[in-house]
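Let me begin by presenting the structure, written as structure tokens, before commenting on it.
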Amino acid sequence: MRRPWNLTNVPVYSLVTLDYKLDLNMNICTYVTPISIKPKKYLIAIDKQTKTFENILNGKNKYALQLLSKKNISIVKHLGKKSGHKFNKYDYLKRKKLIKNFRDVEILNDVSCVLFLSYESQIKTNNDHDLFLFNVSGFKTFSNTDILYFNDLVNKKIIL
């Protein structure tokens with residue numbers, strides 16, 4: 001039997017962050033929640049051990065939240081199972097031609113949508129993840145179908 005937090009079938013996202021040298025990193029996020037309509041805000045839980053966490057605290061304020069499509073499933077292991085501290089995800093994505101420039105931000109090809117975010121605040125916890133509140137400054141929906149969900153990753157044995 002799965003644990004309760006693994007029973008829900010939530011969308012899979014990737015957050016684009018830049019470090020202080022403007023080097024791009026992407027991760028995988030499933031703890032993502034829209035929390036306000038006017039103004040539109042998102043709350044994202046980020047693992048404290050990740051390059052993404054470090055980039056949010058020390059990097060540049062340019063963030064893009066990508067809602068992944070099923071076409072992106074093959075890169076989930078590279079973005080979620082490999083540490084940006086040890087593996088240059090940007091070089092990998094560029095070499096494999098898996099990214100494109102959209103509105104001055106490098107995003108994955110074939111995403112369902114992208115939201116452009118600005119950092120608002122951090123909610124510190126005594127847990128493995130902290131919460132980050134972001135304002136949505138813009139977005140683009142590319143497709144309403146074939147969204148990648150948590151259960152897709154389970155069914156393909158990528159997680160759990």
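Per-residue ellipticity at 222 nm from helix content only, as computed over the chain with -39500 (n - 2.57) for each DSSP H run of at least four residues, stands at -4000 deg cm²/dmol. Note on the chain: GNM, Cα springs under 10 Å; of SER137, SER14, SER69, the largest mean-square fluctuation is that of SER137. Legend: Rg and Dmax of the stretch 18-155, from Cα coordinates, 14.3, 39 Å. Magnitude of the charge dipole for the stretch 73-160, about its Cα centre and with charges confined to Cβ atoms of Lys, Arg (+1) and Asp, Glu (-1), is about 540 debye.
The residues neighbouring ASP19, those whose beta-carbon lies less than 13 Å from its own, together hold a net charge of +3 under the Lys/Arg +1, Asp/Glu -1 convention. This ranking places LYS97, LYS38 by how few other beta-carbon atoms lie within 10 Å of each, fewest first, which gives LYS38, LYS97. Note on GLU120, GLU54: ascending count of other Cβ atoms within 10 Å places them as GLU120, GLU54, the fewest first.
With contacts taken as Cα pairs under 8 Å and at least 6 residues apart, the stretch 18-155 reaches a relative contact order of 30 percent.
Is the stretch 35-81 rounded, prolate or oblate when judged by the Cα gyration tensor, a ≥ b ≥ c being the square roots of its eigenvalues, rounded requiring a/c under 1.5 and prolate requiring a/b larger than b/c? Cα axes put the stretch 35-81 in the oblate bin. Over the stretch 110-160, all Cα pairs binned in 5 Å intervals from 0 give whole-percent P(r) values of 5, 15, 13, 13, 20, 21, 12, 1, listed from short to long. Each Lys and Arg contributes +1 and each Asp and Glu -1, all at the Cβ; summed about the Cα centre of the chain, the dipole is approximately 420 debye. From the residues ILE123, VAL136, LEU65, which one has its Cα farthest along the dipole of the chain in the positive direction, the dipole being from +1 and -1 charges on Cβ of Lys/Arg and Asp/Glu about the Cα centre? Ranked along the dipole, the leading option is LEU65.
Coordinate-derived values only; no laboratory data. Note that the coordinates shown come from a computational prediction; the quantities given were computed from them, not determined experimentally. In this analysis, Cβ positions are derived from the backbone assuming ideal geometry, glycine residues included, and neighbour counts consider all displayed protein chains.
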